[in-house]
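K.L.:
Have a look at this one.
The values are calculated or read from the model by the stated rules, or taken from the named source; none is laboratory data. The structure presented is a predicted model; accordingly, all values stated were derived computationally and were not measured. Cβ atoms come from the backbone with ideal geometry, glycine included; neighbour counts cover every protein chain shown.
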Amino acid sequence: MMTLTPTVIWLIAAAVLGIIELMASTFYLLVLAVAALVGAGCAFFDLAIEWQVVAFAFVAIVGSVWVRRLRSLANTGEAHALQHLDEGQLVQVNNWQDGARTVVQYRGTQWEARAENSAQPQPGLHRIVSVEGNILVLQKV
């Protein structure tokens, strides 16, 4: 029979928090799971329960502040630019199909693309103005 040592209890808590995080996708629970792993490490090295709790709390607070900062960064232009790296890149359009659609070579593979303005799209160099799913929206340069 397995003995429930403080190390095992911390590890069980970390596993439970990690599993719940997989379902919730909040990242706060992931921080708590990591903090529980730190608590398990403290217990493994036979630190007093007070130090285990202090280490857990410290990692949980610092990690939560970090996650909050990352989430607030998501509302900035920098985050938008990081999430939309393709915008502003140039692609060559050789010909257009009906419905102002085409296939272009971009980043080593073929992408579907459509013209931003569907009125008589012309072949030539185009700029990516947005990405809608896996379709590039192009504007003539």
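K.L.:
For residue 134, only one of the following conditions fails: (1) loosely packed, with under 10 Cβ neighbours inside 10 Å; (2) at pLDDT 90 or above. What is its number?
P.N.:
(2)
K.L.:
Also, I was wondering about something else. Exactly one of these conditions fails for residue 26: (1) within 21 Å of residue 68 (Cβ to Cβ); (2) at pLDDT 95 or above; (3) out of contact with any Asp or Glu (no Cβ under 7 Å at 6 or more places or on another chain). Give me its number.
P.N.:
Just one mismatch for residue 26, condition (2).
K.L.:
Further, regarding this structure: What are the residues in the range 115-131 that are assigned to a strand (DSSP E or B) and either loosely packed, with under 11 Cβ neighbours inside 10 Å or charged (D, E, K, R) (or both), if any?
P.N.:
Listed by number, the residues that qualify are 124, 127.
K.L.:
Checking residue 121 against (1) under 19 Å from residue 84 (Cβ atoms); (2) modelled with pLDDT under 90; (3) in contact with a Leu (Cβ under 9 Å, 6 or more places away or on another chain): exactly one of these is not met. Which one?
P.N.:
Residue 121 satisfies all of (1) under 19 Å from residue 84 (Cβ atoms); (2) modelled with pLDDT under 90; (3) in contact with a Leu (Cβ under 9 Å, 6 or more places away or on another chain) except (1).
K.L.:
When the range 1-47 is examined, which residues are found to be under 17 Å from residue 60 (Cα atoms) and among the small types (Gly, Ala, Ser)?
P.N.:
Across the range 1-47, the qualifying residues are 13, 14, 15, 18, 25, 33, 35, 36, 39, 40, 41, 43.
K.L.:
Okay, moving on. Based on this model, can you work out whether residue 43 counts as surrounded by 16 or more Cβ atoms within 10 Å (Cβ to Cβ), in the same structural domain as residue 27 (by TED's automatic domain parsing) and touching a Cys at 6+ places or on another chain (Cβ under 7 Å)?
P.N.:
no
K.L.:
Would a scan of the range 102-114 turn up a residue that is closer than 15 Å to residue 84 by Cα, in a strand (DSSP E or B) and acidic (Asp, Glu)?
P.N.:
No.
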